[in-house]
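Following: one structure in structure tokens, then a few remarks.
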Amino acid sequence: MKLSTIAKLCCPFDKQDLQLKILAQDLDQNVIEGLLSCTTCRRQYPIIYGVPIMAPDEYRQLPLEQPVVSRWRLEYNIDPIKLLPDAV
């Protein structure tokens, strides 16, 4: 996802600005993996394969997110409990 596109996103719950933590980029500086965080409601939205996962919890595809988030736990010490609803 392009940085210019990410800059236009807001938290879908409270419409506040999001902070970006980049974990991986491609050669064109597009964000491949990262985290978008809302400092107001404290929700975090993973960016997986260039796609920000900002759907309501009941519509998220946890089997698709789990392998990437588990790897982030090992590589970046990111707590999956904060990222995945009902995380294992």
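Please treat every number below as a calculation from the coordinates, not as lab data. Every value quoted in this text rests on a predicted model; they were computed, and no experiment measured them.
Cut-off under 15 Å on the C-alpha distance; same-chain residues fewer than 8 positions from Lys8 excluded. Which aspartates and glutamates are left, in chain and number order? The qualifying aspartates and glutamates are Asp17.
Can you give the calculated 222 nm mean residue ellipticity of the chain, where each DSSP H run of n ≥ 4 adds -39,500 (n - 2.57) and the sum is split over every residue, rounded to the nearest 500 deg cm²/dmol? Mind showing how you got there, number by number?
On the way: 2 runs with 19 residues, N = 88.
It comes out at -6000 deg cm²/dmol, rounded to the nearest 500.
Straight distance only, please: which aspartates and glutamates reach the Cα of Lys2 with their own Cα at less than 15 Å, same-chain residues fewer than 8 apart left out? Lys2 reaches Asp26, Asp28, Glu33. Pick the calculated semi-axes √(5λ) of the Cα gyration tensor in Å for this structure from (i) 24, 16, 10; (ii) 20, 14, 12; (iii) 18, 17, 11? Evaluating semi-axes √(5λ) of the Cα gyration tensor in Å on these atoms matches (iii). Of all lysines in the structure, the ones whose alpha carbon falls short of 16 Å from that of Lys82, not counting any fewer than 8 places away in one chain, are Lys21.
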